[in-house]
Amino acid sequence: MQKQDSVTQASEYLRQTIPMLSRHGLKPTPLNYAVFYSYISGESQALKERIKNIIDQKQSFSATLMNDLHEKYLGGGVVFAAQEGVQQGLKKIILEFSEGIKIINDGTQEFDTSLVSHSEELSSTSDSDATKMILQQIMQDTRAMSKSAQAAQEKMEETNLEINRIKEELEAVKKTAEEDALTGLKNRGAFDSFIYQVVHESNRSTTPHLIMLDIDHFKRINDNFGHLVGDRVIRYISALMRQIIGEEHHIARYGGEEFAIVINNKSLDETLQLTEKIRIAMSNSKLQRKDSGETIGQVTVSAGISTLQNGDTIDSFIDRADKALYNAKETGRNKVITANS
């Protein structure tokens, strides 16, 4: 952000941002957060006017448009609003927690001083009336201490609720930071982290397989039907892969029209069968444009599969799958080839 918002302002902006993203059908990705956080906070007047015009004209916020808005008005170096909002929230928690501790400490110190004073008074008198007055004062001080402790407890309960809210936001930020905005699959960064763990896993009980899958002639689809149709094709194949492969395996959008899938608990033959199932389902799909009903034509995919071997690096594991994919493309497309076939 270009200016430093107060803790209260930052929290309020964040709370307004989330439902606004939902109203416009946008996923709560860090990039989308940043754009609409800046719009709501008025950080960029030019961005605010541009988004207002888009809303007034009832245009949709596509992934391409959001990327353009972010690049043009915020630039690559902006701190994502979701992360900054979480940081501001944590600062608020620390302040509230410190305030609660201060209430307890101040009340305890005053009560301790009062007890010492009353103890000295009791030691220096034998008068029953004086003793009674001292006991009454002790009771009053005790009630005051109890009230102070109750206030501190309420403050701590508020802080605990805020901590739980921030934890949920952190989980949401972590999830969306690993998610591809267009497809909802894991993004390239999440794949890079995951494949590192796979290759360097020391207590491996199964042998992982890597599928590199690519949409055939995708440029032709974009050229003939436009990028919006191309985006829909990418989303379609993403949903198809998720349906066939399931959530237990790691499916990522590797870049553009290419996908990477890590299969952990199946044999090579089973992995090949799964990949063939995707290929056949995609080949048999009848895709049409929503706006005109125009047939897009047959859309096919090619894939290459590699199996992790002893001594593999991340690069060698991916390279074998890439070469198998390239071989599938060079020998006619719409096929699946394993690295050792």
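The values are calculated or read from the model by the stated rules, or taken from the named source; none is laboratory data. All values derive from a computational prediction rather than experimental measurement. Quick reminder, even Gly has a Cβ in these numbers, built from the backbone with ideal geometry, and neighbours come from all protein chains shown.
Remarks
- The set of residues in segment 295-315 being within 29 Å of K219 (Cβ to Cβ) and either touching a residue at least 60 places away in the same chain (Cβ under 8 Å) or under 31 Å from the mean Cα position of the chain (by Cα) (or both) consists of I296, V299, T300, V301, S302, A303, G304, I305, S306, I314, D315.
- Residue check for N284: more than 30 Å from S205 (Cβ to Cβ) and either free of Cβ contacts under 8 Å to residues at least 12 places away in the same chain or outside the structural domain of N203 (by TED's automatic domain parsing) (or both): yes
- Test for G230: is it without any contact (Cβ under 8 Å) to a residue 60 or more places away in the chain and touching a helix residue (DSSP H, G or I) at 6+ places or on another chain (Cβ under 6 Å): yes
- Residue in segment 91-102 that is part of a helix (DSSP H, G or I), modelled with pLDDT under 65 and touching an Asp or Glu at 6+ places or on another chain (Cβ under 6 Å) present: yes
- Residue in segment 175-234 that is nearest to S22 (Cα to Cα), counting only those that are at pLDDT 90 or above, acidic (D, E) and surrounded by fewer than 17 Cβ atoms within 10 Å (Cβ to Cβ): D231
- All positions within segment 243-266 that are of a type outside the set (A, V, I, L, M) and surrounded by 15 or more Cβ atoms within 10 Å (Cβ to Cβ): H249, H250, R253, Y254, E257, E258, F259, N264, K266
- Residues of segment 34-49 classified as in a loop (DSSP other than H, G, I, E, B) and free of Cβ contacts under 8 Å to residues at least 40 places away in the same chain, total: 1
- When the criteria are applied in full, L240 fails the requirement of being crowded, with 21+ Cβ neighbours inside 10 Å and modelled with pLDDT of 95 or more.
- Verdict on S283 being out of contact with any helix residue (DSSP H, G or I) (no Cβ under 9 Å at 6 or more places or on another chain) and in a loop (DSSP other than H, G, I, E, B): no
- Filter result for R279 (buried (at least 16 other Cβ atoms within 10 Å of the Cβ), within 22 Å of V198 (Cβ to Cβ) and of a type in the set (D, E, K, R)): no
- Test result for I261, free of Cβ contacts under 8 Å to residues at least 60 places away in the same chain and assigned to a helix (DSSP H, G or I): no
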